[in-house]
Amino acid sequence: MVGLPGTGDALAGVAEIEGRSLWQDALARLLRNRAAVVAMIVLSIVGALAILAPFLSPHPFDEIYWDRIQAPPDFANGHWFGTDGNGRDMFVRTLYGARVSLMVGLLATGVSLLIGVTWGATAGYFGGRVDNFMMRFVDIMYSLPFMFFVILLMVMFGRHIWLIFIALGAVEWLTMARIVRGQTLSIKRKEFIEAAHASGIGSFKIIFRHVIPNVLGPVIVYMTLTVPQVILTESFLSFLGLGVQEPLTSWGVLISEGARVIETAPWMLIFPATFLAVTLFCFNFLGDGLRDALDPKDR
């Protein structure tokens, strides 16, 4: 059989075209979002500053300079953000505060991801009494006052930074579980799930191999919105004196101290509050970019 002229060249051209996966397409769409790209760059800079904090300032974060208490920004002495009420350098303490705040946000979000995704996928896949029991437990947890839960942990186990991770992670996973359950209910009757079940694959293998990977889109978007929410909650707890304890610090602690002396030392509030606000904005812009990139309706 003789082919039409030029058919071979056309087929060769088609063969050279490589398709893109869902994640590659999402990444390309995300990189076209200028706000999300700028947000990622700014967050990378903030993260680098937090990691390199000991090398960026000649002053230790807990050293007290008795002759420079509440001193304004002074570039000659290396106090670029001034000093606090105890004479400690505000620049290095702001960067150390970034360490703690970002660590709390990321680790507590990781805890909520691990518990919430597993809990929601299991409840949505099995359904029936299992779903009813598991989601009623979520409703009971929602009804508990968050501040009472945190204070109870502090009284029972003492004030420690790891308790903040536990307290925040133990609450933030509830919304994650509801989101994953709803997504699981929408896909558990799909053909590929029924084919896997008919092939004799166990229920938990189906959940971790097929269900969870197909609900990661909304989960990733919600994660970027959970991190700033957790950071803001930690800042609120630290503002009330229930968060990070001295000599460690966080943006919430610094803002709490700056708010008390805003009239006499406004730099103590301006710098940590600016870092916190910029970080929260960037996470929200990144979340919006991921939502647009992973939304199948926009393709």
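One table, with the values for the structure above:
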{"quantity": "Leading residue by the ranking (farthest from SER238 (Cα to Cα)) among those in region 77-104 that are among the small types (Gly, Ala, Ser) and surrounded by fewer than 20 Cβ atoms within 10 Å (Cβ to Cβ)", "calculated": "GLY78"}
{"quantity": "Sole residue being open to solvent by 70 Å² or more (accessible area, probe 1.4 Å), within 15 Å of the chain's Cα centre (by Cα) and within 30 Å of PHE165 (Cβ to Cβ), chosen from LEU107, LEU113", "calculated": "LEU107"}
{"quantity": "Conditions (1) in contact with a Gly (Cβ under 8 Å, 6 or more places away or on another chain); (2) open to solvent by 50 Å² or more (accessible area, probe 1.4 Å): number failed by PHE148", "calculated": "(1)"}
{"quantity": "Residue match in region 58-72 (condition: at pLDDT below 80, within 20 Å of GLY258 (Cβ to Cβ) and not aliphatic (A, V, I, L, M))", "calculated": "yes"}
{"quantity": "Yes/no for VAL117 being in a helix (DSSP H, G or I), of a type in the set (A, V, I, L, M, F, W, C) and closer than 19 Å to PHE283 by Cα", "calculated": "no"}
{"quantity": "Lone qualifier among TYR142, TYR125 - being assigned to a helix (DSSP H, G or I), buried (at least 19 other Cβ atoms within 10 Å of the Cβ) and aromatic (Phe, Trp, Tyr)", "calculated": "TYR125"}
{"quantity": "Condition broken by GLN24, with the remaining ones in (1) buried (at least 16 other Cβ atoms within 10 Å of the Cβ); (2) closer than 17 Å to ILE220 by Cα; (3) at pLDDT below 85 satisfied", "calculated": "(1)"}
{"quantity": "Residue within region 149-170 that is among the charged types (D, E, K, R), under 24 Å from the mean Cα position of the chain (by Cα) and at pLDDT below 85 present", "calculated": "yes"}
{"quantity": "Candidates VAL104, VAL100, VAL92, filtered to the one that is within 30 Å of ARG136 (Cα to Cα) and either modelled with pLDDT of 85 or more or hydrophobic (A, V, I, L, M, F, W, C) (or both)", "calculated": "VAL104"}
{"quantity": "Every residue from region 262-290 that is out of contact with any helix residue (DSSP H, G or I) (no Cβ under 6 Å at 6 or more places or on another chain) and more than 15 Å from VAL227 (Cβ to Cβ)", "calculated": "GLU263, THR264, ALA265, PRO266, TRP267, ILE270, THR274"}
{"quantity": "Residue match in region 65-73 (condition: part of a strand (DSSP E or B), touching a residue at least 12 places away in the same chain (Cβ under 8 Å) and closer than 18 Å to THR249 by Cβ)", "calculated": "no"}
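The values are calculated or read from the model by the stated rules, or taken from the named source; none is laboratory data. The shown structure was predicted, so the numbers you read here are calculated from the model rather than taken from an experiment. Note that we place each Cβ from the backbone using ideal geometry, even for glycine, and neighbour counts take in every protein chain shown. Each accessible area value is taken on the protein alone, full model and side chains, heavy atoms only, with ligands, DNA and RNA left out. Shrake-Rupley method; radii C 1.70, N 1.55, O 1.52, S 1.80 Å.
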